[in-house]
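**Q** Okay, here's the structure, questions in a sec.
The values are calculated or read from the model by the stated rules, or taken from the named source; none is laboratory data. Predicted, not measured: the structure shown is a model, and the values here were computed from it. Cβ: placed from backbone, ideal geometry, glycine included. Neighbour counts: every protein chain shown.
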Amino acid sequence: MSLTRGIHHVAYRCKDAKETVDWYQRHLKMEFLLAISEDTVPSTGEFDPYMHIFLDAGRGNVLAFFELPNAAEMTFDPNTPRWVQHIALQVDSEEVLISTKTRLESEGIEVLGPTDHTLFRSIYFFDPNGHRIELAADAGRRDLESRLLELRQPMIEHWDQHKTAPPHAQFLHDDTEA
């Protein structure tokens, strides 16, 4: 059993707290839950004024951001591809996914997808801070999820030894099996 009960919140940096709140409210219908602002960082005691905002990402999940006006300009890890660093949020259905894509595009936001991941379908776009956002709709393939659950240990062992994609889950990409 896990020591933890869930994710309290996940925090990222933003360029402008108000713009971020407005964008997530407008485009993803997230409720603005809380704002905390201090001049001194509670955990370190150092002077570094910040605004910490919290948004409701649904089902008890909280997405948070820090605006740090005295810090160096915000950047992303240059050694990690941008497609790796992203925030993935679940939507209720593929219909919601497609209608959201249409709405975002009508508001001038470039959207990639939908991408078929077999177990789910996704669209991708960027928020005003440059964070890549993924919206994902479950494809309802519990049969495939069960098979992957059984294969998780052999797959991680293969990866650990070879650092190549394990052949164990090729069935996800075979039309005859999926």
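**Q** For the stretch 39-51, name all the residues that are surrounded by 12 or more Cβ atoms within 10 Å (Cβ to Cβ) and among the charged types (D, E, K, R).
**A** Asp48
**Q** While we're on this one: Looking only at the stretch 52-85, how many residues end up being surrounded by 11 or more Cβ atoms within 10 Å (Cβ to Cβ), within 16 Å of Arg13 (Cα to Cα) and of a type outside the set (Val, Ile, Thr)?
**A** Going through the stretch 52-85, the residues surrounded by 11 or more Cβ atoms within 10 Å (Cβ to Cβ) turn out to be 52-58, 61-69, 71, 74, 76, 82, 85.
Of the ones still in play, those that are also within 16 Å of Arg13 (Cα to Cα) are 52-55, 62-69, 71, 74, 76, 82, 85.
Keeping just the survivors that are of a type outside the set (Val, Ile, Thr) gives 52, 54-55, 63-69, 71, 74, 76, 82, 85.
Total meeting the criteria: 15.
**Q** List the residue pairs whose Cβ atoms are under 8 Å apart, where the first residue sits in the stretch 139-150 and is at pLDDT below 90, the second is not in a helix (DSSP H, G or I), and the two are 6 or more positions apart or on different chains.
**A** Correct list of pairs: Arg141/Thr118; Arg141/Leu119; Arg141/Ala178; Leu144/Thr118; Leu144/Leu119; Leu144/Ala178; Glu145/Leu119.
**Q** Could I ask something else about it? How many residues are within 18 Å of Arg26 (Cβ to Cβ), under 16 Å from the mean Cα position of the chain (by Cα) and surrounded by fewer than 17 Cβ atoms within 10 Å (Cβ to Cβ) if we restrict to the stretch 91-127?
**A** 1
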